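Taking it in order: structure first as structure tokens, then the write-up.
The values are calculated or read from the model by the stated rules, or taken from the named source; none is laboratory data. No experiment lies behind these values; they were computed from the predicted model shown. Using ideal geometry, Cβ is built from the backbone for each residue, glycine included, and neighbour counts are taken over all protein chains shown. Areas reflect the complete protein model, heavy atoms only, side chains present, ligands, DNA and RNA absent. Shrake-Rupley method; radii C 1.70, N 1.55, O 1.52, S 1.80 Å.
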Amino acid sequence: MTYMANLSRRSFVIAGAAAGAGLALGFKLPFSPDLVRADDGTPEIDAWVVIRPDDTVVIRIMRSEMGQGTLTGLAQLVAEELECDWSKVTAEFPTPGENLARNRVWGESNTTGSRGIRESNEYVRKGGAIARVMLIQAAANAWNVPVSECSPANGLITHQPSGRSVTYGKVADAAAKLTPPADVPLTPTKDWKIAGKPLKRLDTPDKLVGKTKYGIDVRLPGMLYGAIAACPVFGGTLKSYDEATVRGMPGVQHVVRIGDFAVAVVADSWWRAKTALEALPVVWDEGKNVTVSDATIADFLKEGLDAEPTAVGNQAGDVRAAMAGAAKVVEAVYAFPYRIHAAVEPMNATALYTPERCEVWAPTQNGEDALRAAAQAAGLPLEKCDLHKTFVGGGFGRRGGPTDFVRHAVAVAKQVPGVPIKLLWSREEDTTHDTYHPITQCRMRAALDANNKLIGLHMRISGQSILASLAPARLQNGKDPIAFQSLNPGGAEGAFGYEVPNLLIDHAMRNPSIPAGFWRGVNSNHNALYVECFMDELAHATGENPLAFRLKYLKPKHAAVLQAAAAKAGYGTPAPQGVYRGLAQVMANASYVAACAEVSVENGRVMVRRMVGATNCGHAVNPELITRQVEGSFVYGLSSLLYGECTVRGGRIEQTNFDTWQVMRIDEMPKVDVVVMPDGEFWGGVGEPTISVAAPAVLNAVFAATGKRLRSIPIKESDLRSA
Amino acid sequence: MTALFINGKSHEVDVESNTPLLWVLRDTIGLTGTKYGCGIAQCGACTVHIDGVAARSCQVPVGTVGGRAITTIEALAQNGKLHPVQQAWLDFDVPQCGYCQSGMMMAVVALLKEKPKPTDADIDAAITNICRCGTYQRIRAAIHAAANAQKERP
């Protein structure tokens, strides 16, 4: 099996009107009648499918692959409808420029929010189904028999009455010339043969032999290497630097400004560029944010706990009256820190600029946004630019919303026209110039009646808006709608799970100078932690079992995953000696998920022994890939629960590398069991949702073990030493 | 000029002798399977073998390894046949993004040379590489499978 993300500029030879169609916006689903040929001359059946004479099936994938398995899952969906031979499937990435030039025939490239499969499943399946119909038609035409007498299986078309058969590769050329059918029915889930199966990933073999090309691995003729240093204080600027000092150093070719806040050294190897950059005397104007610290940020957020809200996300009944009339009011204040993404592949992009054209090679989660950023930085129209997606060495949101790595690479390349420049961040630069998990605090307040029934809940989140930091144009009248992820009154994306008659969930936006960004799980991380830890507190306050207490108020789909996780973990049955359990549930990225954690605490040290995850993602396109995402999301969530905090002093992030920002390694990996329980009623995401239940489940287990409520993370040994 | 012996081939490189081996492999020779992750020997993405021993190549000055046998991920498979560790990684479909896995497999191959049947505790102590996708559960299973496969070989 082979597959490619070809680094050479792949172009389609387009015959007919589609060529020059320009850059129409808005997604259409045109299965163009124009004959389009792949590089090797093989005609497309439709945009998704190219079948070579040797029966190799090339499936085009527009979403990015950063480990989550979308490349394989989407190919399975296309192949399911195509009814091809899976062992002959390969995949490739069209460029966003090609997508725009063809009226976005491949749909969205944005690979964030766990949306890769759930939001493109229908059009990619149609892409496969239409190609299948055309192939059968071509065979029927060749045999001069009715289509109804021909049936496909495993890449082979058989004329049933005569028993004649032909492979897809033999009729592909004829099929490509046919007019595509307007619409085709899709295979019901229960009849899936390729989709829904735990097939191996298409991208594994290359990853075993060092062949997979990530952004950092791009090599172009004549390429030079850039190392970047930006002002360590956010909002600060570059005053001056002394280029003469490094001019004579080995391999150094250029020293250039990036905007008003960064400098880059360009040399004939990255090590030489970085060595010279470290020797370069730079003077920064650190600006007004130099006084910002953990303490100033904490005070700023604390004030927001009692201030007028910026936005109300969910409201029912009269929470004030409920509090006034309560037999008991329970209150707790929580806090959630800044975190870095720390993808192991540091930020990078390679750009080649000439006054006529700009091309970029980048590990991006959003090819189209990255292309737009490149065009803007180049000062060229979109159609004079293109972006080549590479495999992504960890995304986690860092390479989705932000496009800084692309813009900066183009800014450098523009100053060295005609020479490809690979701009690579050092780990230290990556750590100190991230867009961080937003910082928030939260006050939870509950009203219980005389029968210990939960009659009112007020949740006040105070803190940072990702949109205000990264995409202010998406704010709505100054409000950040995604601040309420997993807390919404309803909707398909992330609804609050509990039925409480008097409810108020509001947000006081407080934006410190540290830039915030999308971080795997996004706002559901802190929202789920606040809700699920507090529900545990309420169960304790009412003397009820945390599972039974939750089930009184949870909506059915939320309850079902929680019960499944609890059952799989043996919740309610005796745990091994010294092991304690905790629960959490959430709806995020359109899926319902829950976790049961098993922990032990020894000398203040929390050891996570086992995590059980349950997910109802509606449809399970590859159950093994889903299981892996749950396992991996738990690691990402627990790493941060145990270690992940970026502290701020002097307006800058204090941590710089994996020595000062620890992550979980194999010795701390708990056993993970996963229940995949799709109910077939919707399409939900997989890459992120379970991350948000990892931390609260563990914190609730820690309470069960120690009687201590940890309301601020990461867990510090000192918090629990006396336990 | 430094003479290097990498994956069975000789190379002459003209770089400062304190240049980390990692960057010579990647930028000078073009063997990009070995990855940069941290530059301070914390993450293990740059792990290669020097005379059969795992080394974090970001901390190895190229001037110190002249004449020694350097092996990278590109040469782990021999004669078109995957190394048992690579085969186990394939069988368990271990990689997600895959970026750390070159270093991970090189570390595991070295471990199995030293301890052909490692215990979980041996794995915990020896495999300190970072995987941010969180493939550790699969890695552990694949290590045991590779150990068994190696044992069964004549």
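Look at the Cα gyration tensor of region A:196-255: its axes a ≥ b ≥ c give a/c of at least 1.5 with a/b at or below b/c, and that counts as oblate. The alpha-carbon atoms of region A:358-431 define a convex hull whose volume equals 84 cubic angstrom per residue. Taking the Cα centre of each part, how many Å lie between region B:91-131 and region A:165-208? That distance is 36 Å. Based on the Stokes-Einstein relation at 10 °C and a viscosity of 1.306 mPa s, and on the Kirkwood radius from alpha carbon pairs, region A:547-699 is assigned a translational diffusion coefficient of 98 µm²/s. Return the carbon/sulfur percentage of the accessible area of the protein assembly as shown, one whole number, probe 1.4 Å, all protein chains in place. Taking all protein chains in place, the protein assembly as shown shows 52 percent carbon and sulfur surface. If you wrap the tightest convex hull around every Cα atom of region A:58-183 and split its volume per residue, you get 108 Å³. Pairwise Cα separations in region A:154-290 fall into 10 Å bins from 0 onward with the following percentages, short to long: 9, 19, 18, 13, 10, 16, 11, 3, 0. Given their separation in residues at 0.36 nm each and the Cα-Cα distance between them, A:Val282 and A:Thr573 gain 98.5 nm when the chain is fully extended. Based on the Kirkwood radius over alpha-carbon pairs, what value in µm²/s does the Stokes-Einstein equation return for the translational diffusion coefficient of chain B at 20 °C and 1.002 mPa s? Translational diffusion coefficient: 136 µm²/s. Once you reduce region A:223-290 and region A:384-412 to the center of their Cα atoms, the two points are 20 Å from each other.
For the protein assembly as shown, the equivalent ellipsoid derived from the alpha-carbon gyration tensor has semi-axes of 41, 36, 29 Å in decreasing order. Rounded to whole numbers, the Karplus 3J(HN,Hα) couplings from phi for region A:600-605 are 10, 10, 10, 6, x, 9 Hz, using 6.51 cos²θ - 1.76 cosθ + 1.60 with θ = phi - 60°, and x at Gly and Pro. Computed over region B:84-152, the Cα gyration tensor eigenvalues convert (square root of 5λ each) into semi-axes of 17, 13, 10 Å, ordered from largest to smallest. Taking the DSSP bridge list for region A:317-441 and keeping only pairs wholly inside it, about 70 percent are antiparallel.
Averaged over the residues of A:270-279, the number of partner chain Cβ atoms lying within 10 Å of the residue Cβ comes to 3.
Building the convex hull from the alpha-carbon atoms of region A:670-723 and averaging its projection over directions returns 5.3 nm². Peptide packing: for A:316-325, A:435-444, the average count of neighbouring Cβ atoms within 10 Å per residue gives the ranking A:435-444, A:316-325, highest mean first. Length available on full extension from A:Leu305 to A:Asn144: 0.36 nm per residue minus the Cα-Cα distance, which gives 50.4 nm.
Taking the Cα atoms of region B:2-75, the ratio Rg/Rh between the radius of gyration and the Kirkwood radius comes to 0.91.
Counting only protein heavy atoms and a 1.4 Å probe, chain A has 34 square angstrom of accessible area per residue. Each Lys and Arg adds +1 at its Cβ and each Asp and Glu adds -1 at its Cβ; summed about the Cα centre, chain A shows a dipole of about 380 debye. When Rg and the Kirkwood radius Rh are both evaluated on Cα atoms of region A:458-598, their ratio Rg/Rh stands at 1.02.
For region A:657-678, a drop of 30 Å² or more in accessible area on going from the chain alone to the assembled protein chains (1.4 Å probe) is found at A:Asn657, A:Phe658, A:Asp659, A:Val663, A:Arg665, A:Ile666, A:Asp667, A:Met669. Projecting the Cα atoms of A:Ala565, A:Ala342, A:Val648 onto the charge dipole of the protein assembly as shown (Cβ charges, centred on the Cα centre) puts A:Ala565 farthest toward the positive pole. Taking every DSSP bridge with both residues inside region A:333-392, close to 50 percent are antiparallel.
Neighbouring Cβ atoms from other chains, within 10 Å of the Cβ of residues in B:27-34, number 4 on average.
Net charge in the neighbourhood of A:Ser486 (other residues with Cβ under 12 Å of its Cβ; Lys, Arg +1, Asp, Glu -1) is -3.
Rounded to the nearest 10 square angstrom, A:Lys671 shows an accessible area of 110 square angstrom against a 1.4 Å probe.
Solvent-accessible surface of region B:84-152, averaged per residue with a 1.4 angstrom probe and all protein chains in place: 31 square angstrom. Taking 25 °C and 0.890 mPa s as the conditions, I'd like the Stokes-Einstein D for region A:615-687 in µm²/s, using the Kirkwood hydrodynamic radius from alpha carbon pairs. D = 169 µm²/s.
Electrostatic tally near A:Phe703: other residues with Cβ closer than 15 Å to its Cβ, Lys and Arg +1, Asp and Glu -1, net -1.
Length gained on full extension, A:Asn477 to A:Lys190: 98.8 nm, using 0.36 nm per residue less the C-alpha separation.
Restriction of the chymotrypsin sites (Phe, Trp or Tyr not before Pro) in region A:645-723 to DSSP coil positions whose beta-carbon has at most 14 other beta-carbons within 10 angstrom yields no sites.
The label point for A:Asn154 and the one for A:Ser718, both projected 7 Å from the Cα toward the Cβ, are 6.6 nm apart.
Calculated mean residue ellipticity at 222 nm for chain A: -8500 deg cm²/dmol, from DSSP H runs with n ≥ 4 weighted as -39500 (n - 2.57), summed, divided by the residue count and rounded to 500. Other residues within the sphere of radius under 12 Å centred on the Cβ of A:Ser465, judged by their own Cβ, net out at +2 (K and R +1, D and E -1).
Annotation for the B:A interface, with buried accessible surface near 4600 Å², both sides summed [1.4 Å probe; non-protein components not counted]. Each DSSP beta bridge with both residues in the protein assembly as shown is either parallel or antiparallel, and the antiparallel ones are about 75%. Sparse packing (at most 13 other Cβ atoms within 10 Å of the Cβ) combined with a DSSP loop state is found for the following GluC sites (Glu not before Pro) in region A:267-359: A:Glu356. The mean count of C-beta atoms from other chains within 10 Å of the C-beta of residues in A:209-218, rounded to a whole number, is 6. Per-residue 3J(HN,Hα) values for region A:657-674, derived from phi via the Karplus relation 6.51 cos²θ - 1.76 cosθ + 1.60 with θ = phi - 60°, read 7, 6, 7, 9, 10, 6, 10, 5, 10, 4, 5, 9, 6, x, 5, 10, 10, 10 Hz in sequence order (x marks Gly and Pro).
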